[in-house]
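Enquirer: Okay, handing you the structure first.
The values are calculated or read from the model by the stated rules, or taken from the named source; none is laboratory data. This one's a predicted model, so the numbers in the text were calculated from it and none came from an experiment. Because the Cβ atoms are built from the backbone with ideal geometry, glycine has one as well, and the counts that use them run over all protein chains shown.
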Amino acid sequence: MKVGIFGKAGVGKSTLFRALAEGGDASAKSHSAGIGTIRVPDERVDRLSAVFQPQKTTYVSITFEDIDVKEEGELLSPETLAKVKGVEVLAIVLRGFSDDFHPAPPEGLDPVKEFRAIETELTLSDYLIAQKRVERMAKEARRDIEWTTLHKAIASLEKEIPLRKVDFSAEELRVLSGFRFVSRIPLLLVLNVGERDLTGEPYPEANPVAAERGLPLLRLSAKIEEEISQMPPSEQADFLKEMGIERSARDRLIRGAFEAMDYICFLTVGEDEVRAWNVSRGATALTAAGRIHSDLEKGFIRAEVISYEDFLRCGTMAKAKSTGKLRLEGKEYVVQDGDIFHVRFNV
């Protein structure tokens, strides 16, 4: 999963990125030039790895990208727009802090107004692209599924309704996928506040705006999170507790990104590898098999499935089989979060 850290200049994007990507602990896989990849902590993977003692343990990973925005000029320059189109989730950072180095503007801070301006930029960008394409199709006298789909999209964009809020058929989504419209990208709102606001709920007016749009909303202090990320892991938990912070920004952003994408995790186990995999909520066993390898999807016969909790209660796969907790499921089975999954297949 790739998450873009995005927002206007001066909102603390780069500070937040450093807190995420430069923590220096074992979960940080790499970071360079505004791109950092970290593993998603998962206690289930840890416990299963202790049971199976595999040669390799693999966690789901998330890549964060700090998307640069110039101090002057348009928010969505062609270069910036290309980067935005390359992410799966857009974490929009909104300014809710002021200090001696970053005084509040004369009109005051207004994160909700800031978000609405960004949302307008995203929908306008899609509108211009769709409108330009339709004008070209009109000259060519084309009247096909692309024509009707783009007109449906334009009708919503004219009302400033982002395309992620519009119901499209599978065929329409196939058409739209070629354009990579940015208003279809799931959003995560990050309200960057000052240290003194960490224990309260500053800017409560942001809550109904996020709820109306179905968007996760996180409040954090990027500056404090960066300080925490530079501490030894053994000291981080105590500092978080002292500051009244329930979870680190990294953990909260990971959870927020999964919520925005509506992802769940299933697990595969064995002596070779214990691994976590992410799929969309509602994915079938056949889809999950293809997530592991295309051959498993092509030759799918059945899936052996047991919930993580049931496996822990049984202790071994042998006992799980004898007690009936390890069951066989067909290709239409809907995978559940925490399922331990093994595919029977024949190619």
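Enquirer: Anything in the range 323-341 that is modelled with pLDDT of 95 or more, among the small types (Gly, Ala, Ser) and under 22 Å from Phe52 (Cα atoms)? List them, or say none.
Expert: The answer is Gly338, and nothing else.
Enquirer: So, one more: Would you please name the residue that is surrounded by the most Cβ atoms within 10 Å (Cβ to Cβ), looking only at residues in the range 317-347 that are more than 18 Å from Gly270 (Cα to Cα) and under 26 Å from the mean Cα position of the chain (by Cα)?
Expert: By that ranking, first place goes to Val335.
Enquirer: Give the range 219-246 a look and list any residue that's farther than 18 Å from Asp99 by Cβ and either outside any helix (DSSP H, G or I) or in contact with a Cys (Cβ under 8 Å, 6 or more places away or on another chain) (or both), or say none.
Expert: Gln230, Met231, Pro232, Gly244, Ile245, Glu246
Enquirer: Step by step: first the residues of the range 81-111, then only those that are of a type in the set (Asp, Glu) and modelled with pLDDT of 80 or more, then the one that is nearest to Gly34 (Cα to Cα). Which residue is that?
Expert: Result: Glu88.
Enquirer: Give the number of residues within the range 200-234 that are farther than 19 Å from Leu109 by Cβ and not acidic (Asp, Glu).
Expert: Counting residues in the range 200-234 that are farther than 19 Å from Leu109 by Cβ and not acidic (Asp, Glu) gives 12.
Enquirer: Could you look through the range 26-54, keep only residues that are farther than 24 Å from Ala260 by Cβ and in a loop (DSSP other than H, G, I, E, B), and pick out the one that is modelled with the lowest pLDDT?
Expert: For the range 26-54, the residue satisfying everything is Ala26.
Enquirer: Is the range 156-176 home to any residue that is surrounded by 16 or more Cβ atoms within 10 Å (Cβ to Cβ), among the small types (Gly, Ala, Ser) and in contact (Cβ under 8 Å) with a residue 60 or more places away in the chain?
Expert: Checked the range 156-176: no residue is surrounded by 16 or more Cβ atoms within 10 Å (Cβ to Cβ), among the small types (Gly, Ala, Ser) and in contact (Cβ under 8 Å) with a residue 60 or more places away in the chain.
Enquirer: Further question: Which numbered condition in (1) out of contact with any strand residue (DSSP E or B) (no Cβ under 7 Å at 6 or more places or on another chain); (2) in a helix (DSSP H, G or I) is the only one that Ile161 fails?
Expert: Status for Ile161: all satisfied but (2).
Enquirer: Let me ask you something else. If the requirement is being assigned to a strand (DSSP E or B) and at pLDDT 95 or above, which of these qualifies: Glu297, Glu304, Glu309?
Expert: Among Glu297, Glu304, Glu309, only Glu304 is assigned to a strand (DSSP E or B) and at pLDDT 95 or above.
Enquirer: A further question on this structure: So which of Ile264, Ile254 ends up being surrounded by 21 or more Cβ atoms within 10 Å (Cβ to Cβ) and within 23 Å of the chain's Cα centre (by Cα)?
Expert: That would be Ile254, the only listed residue that is surrounded by 21 or more Cβ atoms within 10 Å (Cβ to Cβ) and within 23 Å of the chain's Cα centre (by Cα).
Enquirer: Let me ask you something else. In the range 294-316, what residues are over 30 Å from the mean Cα position of the chain (by Cα) and under 22 Å from Arg44 (Cβ atoms)?
Expert: Arg313, Cys314, Gly315, Thr316
Enquirer: Considering Ala138, Ala153, which residue is modelled with pLDDT of 95 or more, out of contact with any strand residue (DSSP E or B) (no Cβ under 7 Å at 6 or more places or on another chain), surrounded by 11 or more Cβ atoms within 10 Å (Cβ to Cβ) and in the same structural domain as Ala91 (by TED's automatic domain parsing)?
Expert: So the residue among Ala138, Ala153 that is modelled with pLDDT of 95 or more, out of contact with any strand residue (DSSP E or B) (no Cβ under 7 Å at 6 or more places or on another chain), surrounded by 11 or more Cβ atoms within 10 Å (Cβ to Cβ) and in the same structural domain as Ala91 (by TED's automatic domain parsing) is Ala153.
Enquirer: Give all pairs with beta carbons closer than 7 Å in which a residue from the range 215-226 that is within 20 Å of Asp262 (Cα to Cα) meets a residue that is polar (S, T, N, Q) and part of a helix (DSSP H, G or I); count only pairs at least 6 apart in sequence or on separate chains.
Expert: From the range 215-226, the pairs are Leu217/Asn207.
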